[in-house]
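Following: one structure in structure tokens, then a few remarks.
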Amino acid sequence: MKDAETISARLLSGDRLALSRMISWAEDGDDRFPASLSRIYSKVGRGWRTGITGPPGAGKSTLVNELARVFRQGERTVGILAVDPSSPFTGGALLGDRIRMEERTKDPGVYIRSMASRESHGGIARATVDACDVMDAFGFDELLIETVGVGQAEYDVVTAADTVLVVLCPGAGDGIQAMKAGLLEVADVLVVNKKDRDGADRLLVDLEEAVHTREVRTDQWEVPVLPTNAVAGEGVEAVIDAVHRHRAHLEAGLLESVRRRRRVDQVKRVVGERLEDELWGGRRLGDRVEEGLDRASTPYDVAEEVLASILGGNLGAPAGDSRSEAARR
Amino acid sequence: MAQRKIKVLVAKPGLDGHDRGAKTVATVLRDHGMEVVYTGLHQTPEMIAEVALQEDVDVVGLSILSGAHMSLFPRVRKELEVRGMGHVLLTGGGIIPAEDMAELEKEGFTRLFGPGTRTDDIAEWIQTAVEKSRASEGV
Ligand SMILES: Nc1nc2c(ncn2[C@@H]2O[C@H](COP(=O)(O)OP(=O)(O)OP(=O)(O)O)[C@@H](O)[C@H]2O)c(=O)[nH]1
Ligand SMILES: [Mg+2]
């Protein structure tokens, strides 16, 4: 499996090794990935993408395991992508989500892939959407994306998923905190997990109130608040039912535009990455920054010079030219 | 930008009950910049190989205390090969008598680590071995 043609053909014939390898190519930015994706891209768009986010330890993995179990009872195949955080210091990661999904490992209708967040800080990895596209083309009916345990600002899953489940549990902050963190805005379905624990009823009431007092969403979707006990598998059918209803809601309206936006984001991401490589890959711009700083200019002045030289299309010109250009602006 | 990491599956086959050693090794490998999938206790050789495939790991490390090492290593190796994962580096450690270790290493289980090994040595060995095998792959 050394070239794009072979891997994409094998993936489309149902080869799981090809599926795994292609996801690795996406993660590693392998230059064979774009060509292999274009060979399978006509198959992308059939699977439904459900994102599962929420604070650390809320029960996301346990719930994912249960969602997969119930989907399988309905004969639907399931691809799971579970993101865990990378250490910003060593770049290493401990990927432990699949411990909670052990029962699913023996089921050939389920595929579970762990993914380190690497340099991304939005709760998913740079390659998450690419990996979902690959799993989608492979043919899974349901795609489940578990984010890292989020705090107050990591919501990139919104751009990756069609339906977003926010999983909360008693003890991990009250309803107010969820509102402050913006968790309510990203949720299409709110799940109060660990309903067997003290404080679950209170949290449920708080969240219901919060949801009802908010203005009606522009998309007219009413966010359900559902209690679960993921360990015991209780309340899971109701969550799946809510996902199906949200799917029907989107399919009757906004789905095309949601997915279109996802592709636009992907294009922007790739352009951004390539530009970054082009700009800083060689030494020229880096040298120019050093020169500017040596002249004791402020970071803003130096940035202005650099931008002027880039936008003026004369990347290679000596620093003197761009200075006069910057001065003219 | 994107770069290739070393991905390792740390697994604990067999029936003996504690995984402190496996967890320690997993943590040390993470601290050496690797991405480590940890799967918990009582894995069968089939499950270990299946996880290795789904995760596309470079290395599988088995932690064995039960004395079943002479059969477990070959079984995991076979399950990996059946799945087209013969390129995976299979290593491991635990309480393995020296002569068994020599025998297994002769059978191609690259390198095994006994009790009292410095965990940093394991990490460094993996780093070197993966780099070498990637270089020979030409990717
Ligand atoms: N009592 C109770 N415990 C639960 C429930 N759901 C999950 N747990 C436990 O909560 C702990 C964390 O569960 P996980 O599923 O790993 O949580 P997570 O949100 O995936 O955690 P991270 O991925 O680390 O952020 C585990 O010990 C679970 O057994 C529940 O409904 N009730
Ligand atoms: Mg988890």
Examine the stretch A:288-309 for a residue that is basic (Lys, Arg), modelled with pLDDT of 85 or more and either assigned to a loop (DSSP other than H, G, I, E, B) or touching a Ser or Thr at 6+ places or on another chain (Cβ under 6 Å) (or both), and state whether such a residue exists.
-> yes
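Could you run through the stretch A:118-151 and say how many residues are part of a loop (DSSP other than H, G, I, E, B) and either outside the structural domain of A:GLY92 (by TED's automatic domain parsing) or buried (at least 23 other Cβ atoms within 10 Å of the Cβ) (or both)? Working first, answer last.
So in the stretch A:118-151, the residues part of a loop (DSSP other than H, G, I, E, B) come out as A:118-127, A:139-141, A:147-151.
Applying the additional criterion that residues be either outside the structural domain of A:GLY92 (by TED's automatic domain parsing) or buried (at least 23 other Cβ atoms within 10 Å of the Cβ) (or both) yields A:123-125, A:127, A:140, A:147-148, A:150.
Number of matching residues: 8.
Criterion first (β-branched (Val, Ile, Thr) and in a loop (DSSP other than H, G, I, E, B)) does A:VAL205 satisfy it?
On the way: β-branched (Val, Ile, Thr): yes; in a loop (DSSP other than H, G, I, E, B): no.
So A:VAL205 does not fit the description; no.
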Which of the residues spanning the stretch A:42-97 are part of a loop (DSSP other than H, G, I, E, B), away from ligand 2 (no atom under 15 Å from the Cβ) and on the phi < 0 side of the Ramachandran plot?
-> A:VAL44, A:ARG46, A:GLY47, A:GLY74, A:ARG76, A:THR77, A:SER87, A:PRO88, A:PHE89, A:THR90, A:GLY92
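Quick grid of which residues meet (1) within 11 Å of chain A (Cβ to nearest Cβ); (2) among the hydrophobic types (A, V, I, L, M, F, W, C); (3) open to solvent by less than 20 Å² (accessible area, probe 1.4 Å); (4) touching a Lys or Arg at 6+ places or on another chain (Cβ under 8 Å):
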position	(1), (2), (3), (4)
B:THR27	yes, no, no, no
B:GLY33	yes, no, yes, yes
B:GLN43	yes, no, yes, yes
B:VAL51	yes, yes, yes, yes
B:MET70	no, yes, no, no
B:LYS106	no, no, no, no
B:PHE113	no, yes, yes, no
When the stretch A:188-229 is checked residue by residue, the ones that are open to solvent by less than 30 Å² (accessible area, probe 1.4 Å) and among the acidic types (Asp, Glu) are A:ASP188
Residues within the stretch A:88-104 that are farther than 18 Å from A:LYS60 by Cβ and facing another protein chain (nearest Cβ under 7 Å), tallied | 3
Do we find a residue being assigned to a loop (DSSP other than H, G, I, E, B) and open to solvent by 100 Å² or more (accessible area, probe 1.4 Å) anywhere in the stretch A:245-262?
-> no
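Does A:TRP25 meet the test of being surrounded by 17 or more Cβ atoms within 10 Å (Cβ to Cβ) and within 10 Å of chain B (Cβ to nearest Cβ)? Walk me through it before giving the result.
Details: surrounded by 17 or more Cβ atoms within 10 Å (Cβ to Cβ): yes; within 10 Å of chain B (Cβ to nearest Cβ): yes.
Yes.
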Residue in the stretch B:7-14 that is open to solvent by 10 Å² or more (accessible area, probe 1.4 Å) and within 14 Å of the chain's Cα centre (by Cα) present | yes
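The values are calculated or read from the model by the stated rules, or taken from the named source; none is laboratory data. Just so we're clear, the structure is a prediction, and the values are computed from it rather than from any experiment. Glycine gets a Cβ as well: all are built from the backbone with ideal geometry, and neighbour counts include every protein chain shown. Side chains are part of the model used for accessible areas, which takes the heavy atoms of the whole protein and leaves out ligands, DNA and RNA. Shrake-Rupley method; radii C 1.70, N 1.55, O 1.52, S 1.80 Å.
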